[in-house]
Amino acid sequence: MNLRNLPGQPHLAYRGNELYLEDIRLNDLAKEHGTPLFVYSKAAMLSTLVAYQRGFAGRKVQICYAMKANPSLGVIQVFAQAGCGFDVVSGGDIERVLAAGGLAEKIIFSGVGKTSSEMRLALDLGIGCFNVESEAELEVLSEVALAMDLRAPVSLRVNPNVDPKTHPYISTGLKDSKFGIAHERVLPAYQRAAKLAGVRIVGIDCHIGSQITQVEPYLDAMDRMLDLVEAIEATGIAMGHIDFGGGLGINYQGDTPPSADELWQKLLARLDARGFGERQLMIEPGRSLVGNAGVCLSEVLYLKPGEQKNFCIIDAAMNDLPRPAMYQAFHQIIPLNPRSDAPATWEVVGPICESGDWIGHARKLALQPGDLLAVLSAGAYCMSMASNYNSRGRAAEILVDGNRAHLIRQRESISDQMRGETLINPQTTAASI
Ligand code: LLP
């Protein structure tokens, strides 16, 4: 491991024997706030955003942060202040955007199962666009909007049947996936939308998956979508914006995604060649904006050397960092203060009562109980998927900005966890329950 050169994490570096994020010594944060602790770099988030903005220079584009990657208010606030819109997938997401200072008109609402009450909330607030994922949803949305005397702005999500070459759980644009409207049904669905009194067509969109590290699937999906735009516009329906869905994959370990500039140079060249370069464009990146901006700090609780495997038990677990258990994902693990002793090979695991509760397999580390570790690339899809399994409170979160560290989420207490739960009153009769 080259400790000076952490892949994809320019804001994380050792100074002497101490790991820093921007100008903050991570050891100090762990001592002050305890572990597990998520720490994010604001500069790292903004630098990835700037890379997208550079890639789109001179074009009409709206970048909508896919907040499912990390919906903490302090993180949303960073992107709202930078002018981003937001890709949301629930009424709760919408409330978070507004609470963090984001604008309703820059919200696009994705997801296969929007409820009528979520639709009403979104319509009432005047969001920018519903990314409609089925013909059935289109009908319901039109009725809900009509009952409010409104027309819902819609874009239909195309399922282009393109293989994004990523983990099957995060592939979303193949024929057998639950997402979007099948390519061959999209034209009739737009023709139906054009007749519905409760909707107004504002665009088209597509999302083929996440952690994509090659350009070709994006180009294939773009071609498939542009074929549809041509066919739909030939029937007299104007399309408005074109939304290309999620962003790039990131470097977890030896992954080599294209840079944002490289990806967009190729995509924009294709758009220009097909005469769509002047269109209003949208993208919905999540992981690439926050993934490598964050680390999760954790303390080594026990070392348990064994005949077949050595276990290093840390205080972070699959409830904090679910990606290894869910997708066999790799997150680099490094010490906050490297030791000079010879490393051993460890299974880095959490305290949860499941063999699936692992954070890293076969990691070469020199460790002692009480050591602090940083689990890298933990800014995206970690805290957002955290749970209370084993009655573990969710971790605290810190946003680092230069030499300042802001607590953006307090550690969840057991009373936070039990709020809303009630014991059954022994006086209550069965009939009144
Ligand atoms: N737009 C839509 C409609 C999406 O479904 C997603 C991600 C995005 C945008 C953002 O994609 P990104 O830029 O982050 O690749 N929990 C999984 C990832 C699930 C992604 C779901 N959709 C993981 O930890 O790998």
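The values are calculated or read from the model by the stated rules, or taken from the named source; none is laboratory data. Here the structure is a predicted model, which is why all the values come from computation and not from measurement. Neighbour counts run over all protein chains shown; Cβ positions are idealised from the backbone, glycine included. Note: accessible area is taken over every heavy atom of the protein model, side chains too, but ligands, DNA and RNA are not part of it. Shrake-Rupley method; radii C 1.70, N 1.55, O 1.52, S 1.80 Å.
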Subset of the stretch 302-327 that is away from the ligand (no atom under 14 Å from the Cβ), open to solvent by less than 10 Å² (accessible area, probe 1.4 Å) and of a type in the set (A, V, I, L, M, F, W, C) - its residue that is nearest to LYS42 (Cα to Cα): ALA316
Residues located in the stretch 12-34, provided they are surrounded by 15 or more Cβ atoms within 10 Å (Cβ to Cβ) and of a type in the set (Gly, Ala, Ser): ALA13, ALA30
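Given the condition over 24 Å from the mean Cα position of the chain (by Cα), open to solvent by less than 10 Å² (accessible area, probe 1.4 Å) and more than 22 Å from GLY128 (Cα to Cα), answer yes or no: does some residue in the stretch 35-48 qualify?
no
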Qualifying position, being under 28 Å from the mean Cα position of the chain (by Cα), more than 16 Å from the ligand (Cβ to nearest atom) and open to solvent by less than 30 Å² (accessible area, probe 1.4 Å), among GLU284, GLU299, GLU347: GLU347
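Right, HIS207: within 22 Å of GLY128 (Cβ to Cβ), at pLDDT 95 or above and open to solvent by 10 Å² or more (accessible area, probe 1.4 Å) or not?
Working: within 22 Å of GLY128 (Cβ to Cβ): yes; at pLDDT 95 or above: no; open to solvent by 10 Å² or more (accessible area, probe 1.4 Å): yes.
No: the conditions fail for HIS207.
In this structure, does GLY74 turn out to be within 16 Å of the ligand (Cβ to nearest atom), open to solvent by less than 20 Å² (accessible area, probe 1.4 Å) and not acidic (Asp, Glu)?
no
State which residue is nearest to the ligand (Cβ to nearest atom) when the search covers only the stretch 50-71 and only residues that are of a type in the set (Gly, Ala, Ser) and under 11 Å from the mean Cα position of the chain (by Cα).
Looking at the filtered set, the residue picked out is ALA66.
Can you name the strands (runs of 3 or more DSSP E) wholly within the stretch 219-317 that have at least 2 residues being modelled with pLDDT under 95 and assigned by TED's automatic domain parsing to the domain that holds GLU22?
So the answer is none; nothing clears 2.
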Which listed residue, of ALA66, ALA100, is in contact (Cβ under 8 Å) with a residue 40 or more places away in the chain, within 20 Å of GLY379 (Cβ to Cβ) and of a type in the set (A, V, I, L, M): ALA66
The stretch 210-237 - residue that is polar (S, T, N, Q) and crowded, with 20+ Cβ neighbours inside 10 Å and, of those, farthest from the ligand (Cβ to nearest atom): GLN211
